Amino acid sequence: MKNFLTIIILFTTIFNAQCNIKLPWDSLFSAHGLTHSMSMIPTYISADLNVNYNDGYSTGIWRLTPPVARKYGLIVNNNIDQRYDLKLSSEAAARYLKDLLTLYGNEKVATLAYLNGAALISDVAEIYHINLQNTTDEEFEKLCHFLELQYEAQNSAINFSHIAHLDSLYKHTGYVKYKLNYPIRKQTIQDSLFLNADNFYTHNPSVLPNTDWIDEVFIPENKENIDEWLSSIYESEIEALKQEQEELNQQKASKEKARVEAIKKANAVKIYLVKSGDTLSHIAKKHKVSVRQIKQWNNLKSDFLKIGQKLKIHTN
């Protein structure tokens, strides 16, 4: 494992060695006053620069946590996770790094806070009595030793051959975003566009796999008669919604009927006329209930019975 200072040096070294390489978000970071070194953070904290789903708390190529993502305008819920959207997550990461840089006035400390969390950095600084707004090189090394990163630093032989593909995804080349008037089933969109799941998620990375309905989607820009196509889908989806609602209503009615019948059965009462020779024990055994229940149902204080006496017996 490499400590943070080594990684910071590698940031600069690798970029200088690959000065002809431009990451898709370079201009975005430059506009926020951030350096190329900071724009290369994903090459160290991501297994690769592909948009892959991750079950971890921090995810996406910028490894943003849900609170940070939401603070900087990303949607993160059970259906949509915009941390997987290259462009949107890069914009959020840039704003977050800019705020950290403004707070600390030091690129290395800001990057350290980004990778480990500002709260943890503050706690460690308090332990060592370090002023994060005016940190010396020696104090920074102390922070690094305490917060040795859990990331493997890559060597200078980083493969940038996939940058063109990354740039295409960042700019959604060949795809256009449509805001739908009504939610449409994700599977309907996939089927009608003849897209397999991999192609769909490549261009709609923020739509989670367990999502059923979506209200915005990236579709191929060469799709002909898009409005007509969407109209036909709306019609089929409205019919599908009606059918789905009818099925739900039927299920609800069936459940309600079963509930009412269960209540009736539970509350069913039989009136038994006491005959000569009857005892509570005999009656209880005959109806498969207990003597205590018969006495409770009929408010009996003793076991004495009269011929012709009416007893309530619950038959559930």
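The values are calculated or read from the model by the stated rules, or taken from the named source; none is laboratory data. These figures come from a predicted structure and were not determined experimentally. All Cβ positions, even for glycine, are placed from backbone atoms using ideal geometry, and neighbour counts span all protein chains on display.
Worth pointing out:
- Residues considered: Ala125, Ala94. Of these, the only one that is in a helix (DSSP H, G or I), among the aliphatic types (A, V, I, L, M) and at pLDDT 95 or above is Ala94.
- In the stretch 194-212, the residue that is modelled with the highest pLDDT out of those that are of a type in the set (S, T, N, Q) and over 12 Å from the mean Cα position of the chain (by Cα) is Asn204.
- Among the residues of the stretch 172-193, those that are part of a strand (DSSP E or B), modelled with pLDDT of 85 or more and of a type in the set (Ser, Thr, Tyr) comprise Tyr175, Tyr178.
- Checked against the criterion of being farther than 23 Å from Leu132 by Cα and either buried (at least 16 other Cβ atoms within 10 Å of the Cβ) or at pLDDT below 90 (or both), the candidates Asn79, Asn106, Asn116 yield just one match: Asn79.
- With respect to the conditions (1) at pLDDT 90 or above; (2) not in a loop (DSSP other than H, G, I, E, B), Thr111 falls short on a single one, namely (1).
- If the condition is being free of Cβ contacts under 8 Å to residues at least 60 places away in the same chain and farther than 22 Å from Leu147 by Cα, then the stretch 78-122 contributes Ser89, Ala92.
- Selection from the stretch 240-291 of residues that are surrounded by 10 or more Cβ atoms within 10 Å (Cβ to Cβ) and among the basic types (Lys, Arg): Lys242, Lys252, Lys255, Lys257, Arg259, Lys264, Lys265, Lys270, Lys275, Lys285, Lys286
- If only residues of the stretch 241-299 that are of a type in the set (Ser, Thr, Tyr) and assigned to a loop (DSSP other than H, G, I, E, B) are counted, the one that is farthest from His314 (Cα to Cα) is Ser276.
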